[in-house]
Amino acid sequence: MENSQRNIFIILCVSLIFSFFFKQAFSSTIEYQSGKNCLKGRDLSKIVVAGGSITEIIYYLGHQSKITAVDRTSRYPIEAKKLPSIGYVRNLSVEGVLSLNPSIVIGENDMGPTTVVEKIISMGIDLRIIPEIQTIEGIYKKINCVSSIFPESKLAQKRVQNLKESIKNLQILRNRSKGNPKKVMVILSIFGSSPIVAGKDTSGNSFIEILNFKNIANNFSGWKAVGIEHITKMNPDVILITKRGSRGYDSSQKLADSQIFKYTNAAKKKVFLYLMEWLC
Amino acid sequence: MNRKIHSYSFLKFIDFRQRVIICALFFMLITSILLSTKIGAFSIDLFEIISKSASPLEEMVLLEIRIPRILLSCFVGASLGLSGASLQGLFRNPLADPGLIGVSAGAALGAALTIVVGSDFTIYTALEKYMIPISAVLGSVCIILLLYVSTMGFSQKGIAYMLLIGIAVNAFATVGIAFLTFISSDLELRSLSFWIMGSFGGSEWITILPGIIIISFAILWMIVSSRELDILQLGESEASRLGVDVKKLKFKVIISSAVIVGVSVSLSGMISFVGLIVPHIVRLLGGVNHNFLLVGSAIAGGILMSVADLGSRTLIQPAEIPIGLITSALGAPIFLWLILRSVRK
């Protein structure tokens with residue numbers, strides 16, 4: 001009896017180790033694919049997009065006419081919401097995507113699950129996962145990468161040029177704030193529990209760094225609930241808050257009067273800026 | 001024979017040892033409250049506040065942010081401990097828990113509805129602060145009504161039937177929450193998961209005062225039935241022969257539990273294990289007499305929750321650990337220990 005228990009234990013251990021390597025093998029295939037993600041698309045007649053920012057970029061470049069379906073995080077521009085949905089970017093279904101018979105799938109770097117991504121590739125569909133680096137240069141590279149998949153167009157060229165100029169202007173503004181970086185806090189939502197604040201390794205943190213400001217909540221990582229007391233103690237000069245996460249507080253005055261921010265510098269000077277939800 | 005059972009003379013039914021334990025628990029509660037007022041993002045000295053030598057900011061932080069939070073944690077802890085103890089008494093089942101009758105799941109469903117789809121209603125701007133508590137209370141009221149109707153006013157088919165209804169109701173609420181999780185956006189999903197794991201972070205005087213008043217009344221209403229709960233341990237038919245109006249007792253315990261649990265969940269999210277573990281610990285300390293058990297569980301619940309909230313606020317500063325995570329982390333091993341202990345016996 002004891003022997004058979006030991007055998008079961010060994011089988012379990014071996015299968016665990018096997019599954020670990022199996023997973024490693026899968027993820028390395030995706031890495032391999034990423035080398036050619038920005039090459040020109042073979043057939044762009046039926047595009048499926050997985051990722052809100054990619055949808056936004058394609059619309060920005062004026063290539064939206066060929067989009068067949070988008071994922072649920074594609075909430076901007078509003079017209080994109082009318083397109084058929086393939087579900088949530090991190091939880092796609094193979095059949096859902098295949099049923100649309102796409103000629104190309106363009107996805108965010110966090111699209112998943114891995115098995116679904118693998119399956120889509122193995123079905124011979126042209127899948128592009130756009131690399132993401134959360135800096136100004138990263139934004140530019142991302143847009144350039146998406147742009148290079150499509151055939152050249154005057155509108156797209158003009159838009160990329162405009163973007164270059166905006167980035168240049170932003171750099172000038174950034175340099176101005178270099179000497180005296182403001183303490184900024186990005187807040188996702190304030191209802192229900194303690195406010196949910198952007199720590200390190202978040203898009204909110206990158207957003208602050210792009211502006212050359214200092215994320216006051218940089219001693220933890222990820223989006224975390226932070227108590228009102230700690231917000232008071234951190235005393236941010238500027239608070240960026242999502243529109244949807246601050247419902248009921250639709251003006252700087254209301255936010256400044258709220259218990260949460262009452263004693264901060266941001267409330268004294270009423271420096272509250274609303275962010276759009278899809279930035280986070 | 002229809003002898004009326006008077007349970008108002010609370011001290012008459014508890015012995016000296018139990019009185020000492022209650023005093024000790026009360027002392028611990030006061031200590032934990034004082035400790036909680038001192039420790040936090042700002043280190044606040046209570047004597048400095050009283051002698052007015054503290055900075056105005058520290059005073060504001062203590063009076064407007066910290067004290068409401070501590071008070072709410074104590075009341076929620078007390079209500080979960082008390083309702084756990086009285087439901088275990090009513091169902092004559094040591095595994096009964098406030099979550100069992102489905103009220104907390106109903107409250108959670110109400111709150112989840114507001115978090116995920118609530119913003120589509122314009123009523124929001126005016127009532128924002130109260131929307132989550134109100135919808136959670138409405139959620140729990142719906143569950144109570146459902147329980148009431150399906151058990152014919154708590155009179156039908158005994159207590160096991162009620163437990164089964166509770167399980168079914170829980171399943172409904174779980175489906176609802178799962179569906180809302182599925183359709184929510186990234187932002188709503190984060191808010192929802194943080195809310196469900198529990199937090200006292202949103203405590204403000206204006207939102208907690210109505211809750212505290214309701215909880216206090218319900219606690220008083222429940223505590224007076226302790227003697228009847230003792231007699232109920234002999235069995236439903238025996239208890240009614242001894243003059244206990246079992247239907248009325250069921251009504252009283254379930255309604256007051258539902259009210260305090262609904263209000264607690266609405267103000268702090270789902271906090272598990274407190275209602276299950278606290279009565280067991282109090283029973284171990286001083287015995288099964290409900291006069292002692294109900295009061296002891298309320299005080300011990302308050303202690304546990306105020307200490308857990310202190311941990312939640314300070315352990316990984318400046319971020320907060322969800323309170324439900326702390327209570328489950330404490331509760332699960334204690335629960336396991338209790339089971340192993342009873343098996344060994």
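What follows is calculated from the coordinates using simple rules that are stated; it is not laboratory data. What you are looking at is a predicted structure, and each value in this text was computed from that prediction instead of being measured. In this analysis, Cβ positions are derived from the backbone assuming ideal geometry, glycine residues included, and neighbour counts consider all displayed protein chains.
What the table below lists for this structure:
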read-out: DSSP H segments from chain B that extend 30 Å or more along their own axis, Cα-based, with Kyte-Doolittle mean of 0.0 or above; value: B:16-38, B:67-91, B:124-150, B:158-183, B:246-268, B:290-314, B:323-344
read-out: Length released on extending from B:Arg17 to B:Ile67, taking residue separation times 0.36 nm less the Cα-Cα span; value: 14.8 nm
read-out: 10 Å Cβ neighbours from other chains, averaged over peptide B:314-324; value: 5
read-out: Computed label-point distance, nm, for sites B:Ile213 and A:Asn219 using a 7 Å Cα→Cβ extension; value: 4.0
read-out: Sum of -39500 (n - 2.57) over DSSP H runs of 4+, divided by residues of chain B (222 nm, nearest 500); value: -24500 deg cm²/dmol
read-out: Pairwise FRET efficiency - B:Ile334 versus B:Arg92, Cβ, R0 = 25 Å, nearest 0.05; value: 0.70
read-out: Degrees separating the helix A:136-149 axis from the principal Cα axis of chain A, which is the longest one; value: 40
read-out: R0 of 45 Å, Cβ-Cβ distance B:Ser240-B:Arg341: FRET efficiency to nearest 0.05; value: 0.85
read-out: Estimated 222 nm signal from helices in chain A, with DSSP H stretches of n ≥ 4 weighted -39500 (n - 2.57), rounded to 500; value: -13000 deg cm²/dmol
read-out: Relative contact order (%) - criterion: Cα under 8 Å, at least six apart; region: the range A:130-280; value: 20
read-out: Viscosity 1.002 mPa s, temperature 20 °C, Stokes-Einstein D of the range A:183-279 from Kirkwood C-alpha radius, µm²/s; value: 166
read-out: Gyration tensor (alpha-carbon) shape descriptor, the range A:123-224, a/c threshold 1.5; value: oblate
read-out: Length-normalised contact order for chain A - Cα pairs under 8 Å, 6+ apart - percent; value: 14
read-out: Rounded if a/c under 1.5, otherwise prolate or oblate - chain B, Cα gyration tensor axes; value: oblate
read-out: For the range A:51-179, the fraction of alpha-carbon pairs in successive 10 Å shells from zero, as %; value: 12, 40, 32, 13, 4, 0
read-out: Candidate lysines - alpha carbon under 17 Å from A:Lys141, same-chain residues fewer than 8 apart omitted; value: A:Lys36, A:Lys40, A:Lys158, A:Lys164, A:Lys168
read-out: Span per principal axis, largest first, for the Cα atoms of the range B:254-336 (Å); value: 43, 28, 20
read-out: Antiparallel bridge percentage (DSSP; both residues within the protein assembly as shown; nearest 5); value: 20
read-out: Compactness of chain A as Cα Rg over 2.2 N^0.38 Å, two decimals; value: 1.21
read-out: Efficiency of FRET from Cβ geometry, A:Gln253 and B:Met60, R₀ 25 Å, rounded to 0.05; value: 0.80
read-out: Alpha-carbon centroid distance for the pair the range B:221-279 / the range B:302-345, whole angstrom; value: 24
read-out: Candidates B:Ser83, B:Ser268, B:Ser328, ranked by Gaussian network fluctuation over chain B, Cα under 10 Å, top entry; value: B:Ser328
read-out: Residue-count net charge about B:Ser55 - beta-carbon cut-off 12 Å; Lys, Arg +1, Asp, Glu -1; value: -3
read-out: Protection-proxy order for peptides B:103-112, B:201-210, A:49-58, each taking the mean of Cβ atoms within 10 Å per residue, highest first; value: B:103-112, A:49-58, B:201-210
read-out: Inter-site label distance for A:Lys154 and A:Val14 at 7 Å from Cα along Cβ, in nm; value: 6.8
read-out: Listed residues B:Glu228, B:Glu238, B:Glu188, most fluctuating in chain B (Gaussian network, C-alpha, under 10 Å); value: B:Glu238
read-out: Kirkwood hydrodynamic radius of the range B:200-345, from inverse mean 1/r over distinct Cα pairs, in Å; value: 17.0
read-out: Segment B:Leu220-B:Ile49, length gained on full extension (0.36 nm per residue, minus Cα span); value: 58.3 nm
read-out: Cα-based helix-to-principal-axis angle, A:52-61 vs chain A, degrees rounded to 10; value: 80
read-out: Principal axis dimensions, largest first and in whole angstrom, of the range A:142-197 by Cα; value: 48, 34, 15
read-out: Range of Cα positions in the protein assembly as shown per principal axis (Å), largest first; value: 96, 71, 53
read-out: Stretch gain in nm, segment A:Lys141-A:Ser166, where the contour uses 0.36 nm per residue and the Cα spacing is subtracted; value: 7.5 nm
